[in-house]
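Engineer: What follows is a single structure, and I will ask about it in a moment.
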Amino acid sequence: MHMRTNAGRERDFRQERQHLLDALAVLLVSGCDIATFNVALNSSQICKALSPKDSRGEVIPGEEVTPSRICRALDLLENYGLIEPYMRRLDPYTKTYLPRHVTLTEQFFRLLQVNLDLLFKEREERLRALAEGILAPGEVMSVKAARQRFFDEKVAQALKVRRERAIEQKRLSRIARSTQLDDRQFQIAAWLINTRPEVSGMTPDDFELLVYHYLRQIKLNFDTEPPG
């Protein structure tokens, strides 16, 4: 009723349409990306989401919400300025219209009595998070949760690097215990073959030179000249 009155409609909607619009409004808000006001679901997905389902989660045949009903409901919201105008696009192959995508307007949130100051504050935070790479476009997640995920990923990456360095250090320590240069070269060569597939295309001389350079890097072969 609040939305109908503010939209300038005197007569009430039929009960069936009113229930559909109420459910549609909740679904649009829940799937809205605050940064862009785009809704993650298209019209076909909205139909499925609003259709009655059985105990297995399957849409009950004969009771599904049809695309035409959703299309009319979205047209109504568009006429009242609650969603952005949408240009229908035709699939050139099937000659049918592509599913409709929805973008909410400020008026939509105003009619739902959303605190616009808080809304736009959160929107700015999400836009900054998008610019920083913390959030992906269209991702439905609070900025706080996204930042926590970002930091958790950074910690996991740091732990991975530290673990790899520890493994590398153990390998180098094992090689350092070898007293013979040939043993060191053999272990470096085996490691390169197992971890660097691209070395299979190298010539023997180039591969030997690469082994030497790795030995130089780990300071185990300072006194040996590179192979000529």
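Engineer: Collect the residues in segment 109-138 that are aliphatic (A, V, I, L, M) and outside any helix (DSSP H, G or I), keeping them in residue-number order.
Structural biologist: First, pick out the residues of segment 109-138 that are aliphatic (A, V, I, L, M): 111-112, 114, 116, 118-119, 127, 129-131, 134-136.
Scanning segment 109-138 gives Leu112, Val114, Ile134, Leu135, Ala136.
Engineer: While we're looking at this one, here's another question. If you go through segment 20-28 one residue at a time, do you hit one that is touching a residue at least 60 places away in the same chain (Cβ under 8 Å) and in the same structural domain as Ala136 (by TED's automatic domain parsing)? So that I can check it myself, show each step before the final result.
Structural biologist: In the first step, residues of segment 20-28 are kept if they are touching a residue at least 60 places away in the same chain (Cβ under 8 Å); the result is 25, 28.
This time we only want the ones that are in the same structural domain as Ala136 (by TED's automatic domain parsing), so: 25, 28.
Yes, there is a match, as at least one residue in segment 20-28 is touching a residue at least 60 places away in the same chain (Cβ under 8 Å) and in the same structural domain as Ala136 (by TED's automatic domain parsing).
Engineer: Would you list the helices (runs of 4 or more DSSP H) that sit entirely within segment 1-108 and hold 3 or more residues that are farther than 30 Å from Ala129 by Cβ and at pLDDT 80 or above? Outline the logic, then answer.
Structural biologist: Values: elements: 2-6, 15-30, 43-50, 67-79.
Those helices (runs of 4 or more DSSP H) span 15-30, 67-79.
Engineer: Does segment 111-138 hold any residues that are more than 27 Å from the chain's Cα centre (by Cα), more than 28 Å from Pro67 (Cβ to Cβ) and in contact (Cβ under 8 Å) with a residue 24 or more places away in the chain, and which are they?
Structural biologist: Gln113
Engineer: Then there is this: Criterion first (within 44 Å of the chain's Cα centre (by Cα), part of a helix (DSSP H, G or I) and at pLDDT below 80) does Leu215 satisfy it? Walk me through it before giving the result.
Structural biologist: Working: within 44 Å of the chain's Cα centre (by Cα): yes; part of a helix (DSSP H, G or I): yes; at pLDDT below 80: yes.
The answer is yes for Leu215.
Engineer: Among the residues of segment 197-211, which ones are surrounded by 10 or more Cβ atoms within 10 Å (Cβ to Cβ), farther than 14 Å from Phe186 by Cβ and of a type in the set (D, E, K, R)?
Structural biologist: Asp205, Asp206
Engineer: What's the number of the only condition in (1) modelled with pLDDT of 75 or more; (2) in a helix (DSSP H, G or I); (3) not hydroxyl-bearing (Ser, Thr, Tyr) that Arg171 fails to meet?
Structural biologist: Unmet condition: (1).
Engineer: Which one is surrounded by the most Cβ atoms within 10 Å (Cβ to Cβ), of the residues in segment 31-82 that are free of Cβ contacts under 8 Å to residues at least 24 places away in the same chain and of a type in the set (Gly, Ala, Ser)?
Structural biologist: We begin by selecting, within segment 31-82, every residue free of Cβ contacts under 8 Å to residues at least 24 places away in the same chain; these are 47-49, 51-64, 66, 68, 72, 75, 78-79.
So of that shortlist, the ones also of a type in the set (Gly, Ala, Ser) come out as 49, 51, 55, 57, 62, 68.
Values: Ala49: 17, Ser51: 14, Ser55: 5, Gly57: 6, Gly62: 6, Ser68: 9.
Once the filter is applied, the top-ranked residue is Ala49.
Engineer: Something else: So, in segment 148-173, how many residues would count as being polar (S, T, N, Q) and closer than 24 Å to Gln185 by Cα?
Structural biologist: Count: 2.
The values are calculated or read from the model by the stated rules, or taken from the named source; none is laboratory data. Every value quoted in this text rests on a predicted model; they were computed, and no experiment measured them. We place every Cβ from the backbone using ideal geometry, glycine too, and count neighbours over all the protein chains shown.
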